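Asks: Let me give you the structure first, and then I'll get to my questions.
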Amino acid sequence: MKFSVKSIATVSALSALAAAPILFSAGPASAQMAGSYIGAGISAGVTEDADGDTSFGANVQGRFDVPVAPISVRGAALISDSAALIPLVTYDFGIAPGTNLYVGGGYSFVTDEGRSTPLGDRNAPVVTVGVESALRRNIVLYGDAKVGFDAYENSNDAAVSLQVGAAYRF
């Protein structure tokens with residue numbers, strides 16, 4: 001698998017940003033943010049496809065909280081020329097009151113292979129790292145990075161996408 005310097009730098013920077021709250025927290029992690037949600041926002045592909053293009057679009061994301069374990073079952077749809085449908089399982093770390101850091105993996109199913117999504121143009125395994133925080137009782141803000149491995153038809157490169165959005169927690 002071939003990674004470009006830009007891809008490696010992007011993933012390294014995102015990893016450092018995601019780990020910073022854990023590394024610099026003064027005390028033990030607080031309880032996790034509980035609850036399930038559904039939300040929407042924007043999604044941007046960071047890496048270029050074989051034609052040198054990146055993709056920008058929308059995202060719809062949901063979280064189902066597993067109350068007896070620090071895991072969540074998630075789903076995401078990244079939409080531009082085509083859609084990438086991504087089921088995920090994540091491990092959730094409470095890093096502040098009402099705020100989680102999550103890491104996990106899943107698989108991206110492209111609805112129209114060969115057409116661009118923010119996460120490549122073909123089906124691929126995916127890893128994710130993100131942060132979610134309860135802004136109010138029922139409002140959650142989220143942001144994450146997803147990396148799809150071997151996600152382009154004419155290349156072995158990884159695809160990186162960034163998502164941000166707001167959600168309704170129930």
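Asks: I need the phi-derived Karplus couplings for segment 158-170: 6.51 cos²θ - 1.76 cosθ + 1.60, θ = phi - 60°, integer Hz, Gly and Pro marked x.
Replies: 7, 10, 10, 10, 10, 10, 9, x, 10, 9, 9, 9, 10
Asks: Could you calculate the FRET efficiency of Phe93 with Ile139 from 1/(1 + (r/R0)^6), where r is the beta carbon distance between them and R0 is 25 Å, rounded to 0.05?
Replies: 0.75
Asks: Here is a follow-up. How high is the FRET efficiency between Asp51 and Thr111 when r is their beta carbon distance and R₀ equals 22 Å, given to the nearest 0.05?
Replies: Taking R0 as 22 Å, the efficiency between Asp51 and Thr111 is 0.65.
Asks: Please list, ordered by chain and number, the residues whose modelled amide H lies under 5 Å from the amide H of Tyr152; skip anything fewer than 5 residues away on the same chain.
Replies: Asp121, Asp157
Asks: Continuing with this model, one more query. What are the residues whose amide H is under 5 Å from the amide H of Ala96, where those residues sit 5 or more places off or on another chain and H is modelled from the backbone?
Replies: Here Ser30 satisfy the definition.
Asks: Charges at C-beta only: +1 for Lys and Arg, -1 for Asp and Glu. How large is the resulting dipole of segment 31-170 about its Cα centre, in Debye rounded to 20?
Replies: 920 debye
Asks: Output ³J(HN,Hα) for segment 78-92: one whole-Hz value per residue in order, computed from phi by the Karplus curve 6.51 cos²θ - 1.76 cosθ + 1.60 with θ = phi - 60°, and x for Gly and Pro.
Replies: 9, 10, 8, 5, 9, 10, 9, 9, 10, x, 9, 10, 10, 9, 10
Just so you know, all these numbers are worked out from the coordinates, no wet-lab data involved. If you're wondering where the values come from, they're calculated on a predicted model, not measured in any experiment. When we count neighbours, we look across all protein chains shown, and the Cβ atoms used for this are built from the backbone with ideal geometry, even at glycine.
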